[in-house]
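Presented below is the structure to which this report refers.
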Amino acid sequence: MEINNQILNNSKIENEINHNLKLEKNLENYIITPENQKNFLDTTIGKTINSVLNIGLKILLPNLIENQVIDIKDTIIKYGFKEGVNKTIDSAIDLGKSAIGIATGKFENITQVQNAVQKGGIIDITSVAIDTALKYANKSGILPTEITKVIKKGKNVIVGNLENELEKVLTKQVKSIENMNQYSSKWNECYEKHDFKGMEKEYKKIIKELANIVPLENTIKQARQIENIHLLIKNNGQDFNLSKEQIELSKKFA
């Protein structure tokens, strides 16, 4: 019995090592580029970071005009965000695939999003981004020293506000996913009944929800499949007699 347990434990350890090696290899392939950084910042989470930075800087620097605040915020993102992501990913094996989501802006499921926004993930990325940008600003002289000192002193306030806002975002995202699953289920029911009017009603809800949801690959793929089949039927005069090839293509290009 002890030998069998030892073999089982060794097998578990070996699987864990292989998993971590595979994850490290995957993360190496996700170099932060301007394109995937933009993809991430265009997501709901990215827009939340952008908004919190804007609001936080306005509070810390009330005498600055709007354009000056935006310039400072852009400096933090341009010179700090990449460094923040890279540093976090370097020590983010515990985040699993959530680390890849941070790098690319795409996640497989809501659990990965939840892991990514916790401390050690996006919260730390923003903190490192601010520190890095302020260090660069001091060295290059692109921001006055008194401004960088004020931002550094108030950094924890900005990061704390971001944490609160991300909690709200997560609550909304969970609700959006529940809605998406419900709408998709109803669309499929109407599809089985050849009820195009009912399909159209649920289809509009799905498209609207897609605009609010974090890019979750599985959920997005399901929604795009529905969209492709829906439009095929709609553009075919509401004819449900689709060929096997048409259905397969609609899934392939989702």
Sole residue being part of a helix (DSSP H, G or I) and closer than 30 Å to K221 by Cβ, chosen from A133, A129, A116, A137: A116
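Residue by residue, here is whether (1) farther than 26 Å from T48 by Cα; (2) surrounded by 14 or more Cβ atoms within 10 Å (Cβ to Cβ); (3) free of Cβ contacts under 8 Å to residues at least 12 places away in the same chain; (4) not hydrophobic (A, V, I, L, M, F, W, C) holds:
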residue: S185; (1), (2), (3), (4): yes, no, yes, yes
residue: G198; (1), (2), (3), (4): yes, yes, no, yes
residue: E202; (1), (2), (3), (4): yes, yes, no, yes
residue: I213; (1), (2), (3), (4): no, yes, no, no
residue: A223; (1), (2), (3), (4): no, yes, no, no
residue: L232; (1), (2), (3), (4): yes, yes, no, no
residue: G237; (1), (2), (3), (4): yes, no, yes, yes
Matching entry among K208, K197, K152 (being assigned to a helix (DSSP H, G or I) and assigned by TED's automatic domain parsing to the domain that holds S127): K152
Failed item, numbered, when G154 is tested on (1) within 30 Å of L61 (Cα to Cα); (2) touching a residue at least 24 places away in the same chain (Cβ under 8 Å); (3) within 23 Å of the chain's Cα centre (by Cα): (3)
Residue ID - modelled with the highest pLDDT, chosen from residues in the stretch 138-158 that are β-branched (V, I, T) and farther than 21 Å from I125 by Cβ: V150
Out of I76, I49, I65, I45, sole residue that is modelled with pLDDT of 75 or more, β-branched (V, I, T), more than 18 Å from the chain's Cα centre (by Cα) and surrounded by 13 or more Cβ atoms within 10 Å (Cβ to Cβ): I76
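The values are calculated or read from the model by the stated rules, or taken from the named source; none is laboratory data. Everything numeric in this text was worked out from a predicted model, so none of it was measured. Cβ: placed from backbone, ideal geometry, glycine included. Neighbour counts: every protein chain shown.
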